[in-house]
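The values are calculated or read from the model by the stated rules, or taken from the named source; none is laboratory data. On a predicted model such as this, the values are computed, not experimentally measured, just so you know. Here Cβ is always computed from backbone atoms with ideal geometry, including for glycine, and neighbour counts include all displayed protein chains.
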Amino acid sequence: MDLHGNTPLMRATSAGHLAVVRLLLDKGARVAVVNERTGQNVLHLACAEGRADIIQMLAGYATEDAWEMLDKQHQRPRDLLPLAKDQALDGNPFQEKKVPSPTPY
């Protein structure tokens, strides 16, 4: 972990480095590891930043407990998704690999 409590997986997720996220997951990085300052796991970060491609990848490695984990603001990862502000979601919103598609213009 770095000085801010982030793991390499969290840093790669925040930076949007899909290939690095894949490499770290393949090497055994754990999705459920929590930043003790924020109480967030990597799913919280990916959801808050709307990184659909990374969320979809993480979903294959995440347990249901990781999706249900509350951060220090009492929010689950799915509560931080941009679409979660308009509709309630239960469980893993990407369990069937359904990633919100962009609105066509």
**Message:** Pairs please, first residue from the stretch 10-34 and farther than 20 Å from ASP65 by Cβ, second anywhere and at pLDDT 95 or above and of a type in the set (Lys, Arg), Cβ atoms under 9 Å, 6+ apart in sequence or on different chains.
**Reply:** HIS17/ARG11; VAL20/ARG11
**Boolean, VAL20 is crowded, with 19+ Cβ neighbours inside 10 Å and either in contact with a strand residue (DSSP E or B) (Cβ under 6 Å, 6 or more places away or on another chain) or modelled with pLDDT of 95 or more (or both)** = no
**Message:** For the stretch 29-76, give me the residue count where each residue is among the hydroxyl-bearing types (Ser, Thr, Tyr) and closer than 22 Å to ALA19 by Cα.
**Reply:** 2
**Fill in**
The number of residues in the stretch 1-17 that are over 12 Å from the mean Cα position of the chain (by Cα), surrounded by 14 or more Cβ atoms within 10 Å (Cβ to Cβ) and not in a loop (DSSP other than H, G, I, E, B) is 1
**Message:** Among the residues of the stretch 31-38, are any more than 15 Å from HIS74 (Cα to Cα) and charged (D, E, K, R)?
**Reply:** no
**Message:** Being under 20 Å from LEU81 (Cβ atoms) and without any contact (Cβ under 8 Å) to a residue 40 or more places away in the chain is true for just one of GLY5, GLY60. Which residue is that?
**Reply:** GLY60
**Item:** Boolean, VAL20 is in a helix (DSSP H, G or I) and among the β-branched types (Val, Ile, Thr)
**Value:** yes
**Fill in**
Going through (1) surrounded by 14 or more Cβ atoms within 10 Å (Cβ to Cβ); (2) part of a loop (DSSP other than H, G, I, E, B); (3) not hydrophobic (A, V, I, L, M, F, W, C) one by one, GLU36 fails only at (1)
